[in-house]
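Report on the structure given below.
The values are calculated or read from the model by the stated rules, or taken from the named source; none is laboratory data. Bear in mind that the values here come from a model prediction, so they are computed numbers and not experimental data. Ideal geometry is used to build each Cβ from the backbone, glycine not excepted, and the neighbour counts take in all protein chains shown.
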Amino acid sequence: MRDDLKNVLTSSSTRIVVLWAEPTYVYLILQYALYSDVLGPHFTWILSSSVSLRFYNNMSIEKSIGILIVEPTAGNVLHAPINTTLLNDAYNIWKHYEPETFPNSTKIDYYALFAFDATWILIQSLNEFCSKNMNSSSSYFNIINDMTFLGVSAPVQFSSNVTDRIDGSYYIAKNCQYASNKLNFVPVLKYSDHDGWEEYSETHAIIWPGKSLIPPTGHARFVGVKLRIGVIQSTPFTIVTTITNDFGQNITTFIGYVPDLTNLLQKKMGFIPNIELISNRTYTSLGELVENCVYDIIVGDITVTAVRREKVGFSQGIFENSLRIVMRKTPNTQIDLLAFLRPFTLNLWLLILATTMLTGILICFLERQENRELRKQSIINLWTMTIKTASGRLLTAGLYLLCLVLVASYTANLASDLTISKSKNIISGIDDIKSGKILFNRIGMLVGTASEEFYLREISSGSRNFYPLKSRQEMYDSLINNLINVTFNDAGVAEYMTNNIYCNATLIGDGFDKGVFGIITSKQWLYGQDLDVHILSLKESGDLDILRSKWFQVKVCPDSSAASTAIGIESLIGLFIMFGVIYILSLLLFAWEKRKICCKKCKKLDDDQKSLSDVSHY
């Protein structure tokens with residue numbers, strides 16, 4: 001009990017401690033209880049005997065106020081009749097034979113009077129038993145049960161069914177409180193078999209632990225309880241910061257979702273938090289700290305799972321959670337020379353080409369008789385022709401309508417293809433990982449987390465073929481440095497990280513393995529129901545939603561969908577190459593035409609020179 005006193009008392013649902021022991025042990029136990037901080041104001045102690053107040057000091061006075069002592073007493077203290085004649089005769093005999101051991105009559109312990117009455121009834125019963133020549137023990141006990149007399153402490157009478165006297169039991173309750181400007185045990189209640197418990201006097205009321213006049217319920221309450229709270233560093237749930245106070249000292253403080261939640265619960269429940277940072281622990285092993293009473297509760301992004309629930313208790317959910325796939329952003333730099341042709345299939349392009357050629361032939365057939373502009377013109381000049389016939393105009397209108405629809409369809413499909421190509425990833429969700437589109441040793445898993453449990457359960461069938469990670473910092477560093485291709489992370493943390501810290505990482509697909517974060521407690525924790533009620537109250541009032549908005553809806557990184565909406569060169573490089581070919585052909589055609597003109601001029605010049613030479617002969 002000495003080593004486990006605090007654990008035994010704090011783990012009990014009652015806050016009333018009855019200490020029934022010898023005075024020497026009462027003193028020792030109270031000293032240890034004071035050291036273990038299990039006296040007032042949270043516990044009401046009821047003692048069976050008086051104890052010296054010499055071990056009290058200024059620090060322990062507040063915790064000692066409210067202690068009760070219940071002691072048996074003689075009837076005359078409560079103005080009940082006693083056998084004063086017998087008592088005085090006993091005193092006189094004592095004084096006559098052992099005057100040196102006789103104290104003042106007021107200092108004689110009441111237990112001495114009880115012992116005298118027990119001895120006196122034994123003497124009287126033996127006297128009667130011997131006078132009747134009886135030889136059975138049952139007859140002797142019958143004599144004791146039938147005997148009634150007024151003793152030196154109170155009326156004495158016994159029964160075979162009970163161990164205490166039938167009548168004549170008197171008790172007095174004393175309360176540790178200030179009296180005459182000093183701490184003392186003051187009588188506050190009295191008891192008799194006839195009247196039960198009554199006030200001892202109207203001058204002294206009971207002062208309960210915590211200097212309260214209101215009787216405690218006797219049940220465990222959260223108000224004023226010192227709670228050892230463990231937290232895990234996990235941005236933005238718990239962010240560790242260092243500030244400098246007015247004295248130039250560096251002080252470690254905690255900010256984030258968890259500290260704000262703890263403050264809300266503290267205001268509602270009245271406990272005294274002692275928050276400590278837990279380091280070098282996996283999420284799976286956190287329950288051991290509560291089982292071993294290192295912490296009372298642990299608050300953080302801790303997923304409630306069946307395996308963990310078997311070992312420790314969990315509160316109501318404090319955060320809705322799911323797992324998300326995290327990948328690094330990979331810009332699409334693949335060059336496709338025919339990307340601008342993708343909106344239409346090859347068959348459709350061939351149909352368009354055939355339709356264009358047939359339409360040209362038909363226009364030539366319809367216009368060549370009536371349209372003089374077509375005569376003696378090269379093929380290149382056909383682009384400047386004007387349709388003259390009604391049939392040609394009708395065919396041109398149909399061709400225009402066809403081109404209008406084809407251009408609109410082409411534009412829409414091209415925009416869609418370019419958008420898809422810009423947002424295309426290696427995988428689209430968890431099903432692609434299950435199907436093996438990514439090598440298992442390129443999948444990073446944070447060891448000792450719910451995501452690892454999901455991977456072993458749903459993907460690898462228990463095989464640890466993933467890339468092990470020891471911290472979230474290592475997780476993102478490995479992802480950015482191309483040591484892994486994907487990793488799993490809790491949705492809230494992953495969204496915060498990709499929106500505010502790691503802008504070159506992104507989330508893929510929808511959330512999976514949905515669950516909740518809970519507060520780790522011991523099984524059948526005394527304050528578990530109280531904690532659950534207040535967490536549900538925070539949910540219903542919208543306080544948890546406010547906290548989530550405060551810490552998880554902030555965004556520093558630019559939106560990838562808004563930051564890069566422009567089409568890159570690689571998407572339409574093929575179109576520009578084709579235009580370049582046309583550009584070169586145009587230059588070649590221009591050079592060819594100039595060559596023809598030069599040839600004509602040279603030929604004409606030669607002809608003129610020949611004509612001049614012929615004329616000179618004459």
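Condition check for ASN263 on (1) without any contact (Cβ under 8 Å) to a residue 60 or more places away in the chain; (2) under 15 Å from the mean Cα position of the chain (by Cα); (3) closer than 28 Å to LEU469 by Cβ: one failure, at (3). Among residues of the stretch 516-545 that are under 16 Å from VAL299 (Cβ atoms), those with a beta-carbon under 6 Å from a residue that is among the basic types (Lys, Arg) at least six positions away or on a different chain give the pairs HIS534/LYS268. Does the stretch 272-280 contain any residue that is assigned to a helix (DSSP H, G or I) and closer than 26 Å to ILE535 by Cα? Scanning the stretch 272-280, I find no residue that is assigned to a helix (DSSP H, G or I) and closer than 26 Å to ILE535 by Cα, so the answer is no.
All of LEU53, LEU28 fail the test of being out of contact with any Phe, Trp or Tyr (no Cβ under 6 Å at 6 or more places or on another chain), of a type outside the set (Lys, Arg) and modelled with pLDDT of 85 or more, apart from LEU28. Would you check which residues across the stretch 247-285 are farther than 24 Å from LEU547 by Cα and among the aliphatic types (A, V, I, L, M) and list them? Result: ILE251, single match. Screening ARG228 with (1) of a type outside the set (Val, Ile, Thr); (2) in the same structural domain as ILE297 (by TED's automatic domain parsing); (3) surrounded by fewer than 12 Cβ atoms within 10 Å (Cβ to Cβ) gives one miss only, at (3). The condition of being among the hydroxyl-bearing types (Ser, Thr, Tyr) and either touching a Pro at 6+ places or on another chain (Cβ under 6 Å) or without any contact (Cβ under 8 Å) to a residue 24 or more places away in the chain (or both) holds for only one of SER428, SER451, SER461, that being SER461.
Highlighted here are the strands (runs of 3 or more DSSP E) found entirely within the stretch 149-258 that include at least 3 residues which are over 30 Å from TYR496 (Cβ atoms) and in contact (Cβ under 8 Å) with a residue 40 or more places away in the chain: 170-179, 182-192. Scanning the stretch 180-198 for residues being closer than 19 Å to ILE65 by Cα and either surrounded by 18 or more Cβ atoms within 10 Å (Cβ to Cβ) or in contact with a strand residue (DSSP E or B) (Cβ under 8 Å, 6 or more places away or on another chain) (or both) gives a total of 7.
The number of residues in the stretch 266-306 being surrounded by fewer than 13 Cβ atoms within 10 Å (Cβ to Cβ), hydrophobic (A, V, I, L, M, F, W, C) and in contact (Cβ under 8 Å) with a residue 40 or more places away in the chain comes to 2.
Among the residues of the stretch 30-49, count how many are touching a strand residue (DSSP E or B) at 6+ places or on another chain (Cβ under 6 Å) and surrounded by fewer than 19 Cβ atoms within 10 Å (Cβ to Cβ).
Filtering the stretch 30-49 down to residues touching a strand residue (DSSP E or B) at 6+ places or on another chain (Cβ under 6 Å) leaves 43-47.
Imposing the further condition that a residue be surrounded by fewer than 19 Cβ atoms within 10 Å (Cβ to Cβ) reduces the set to 46.
Number satisfying all stated conditions: 1.
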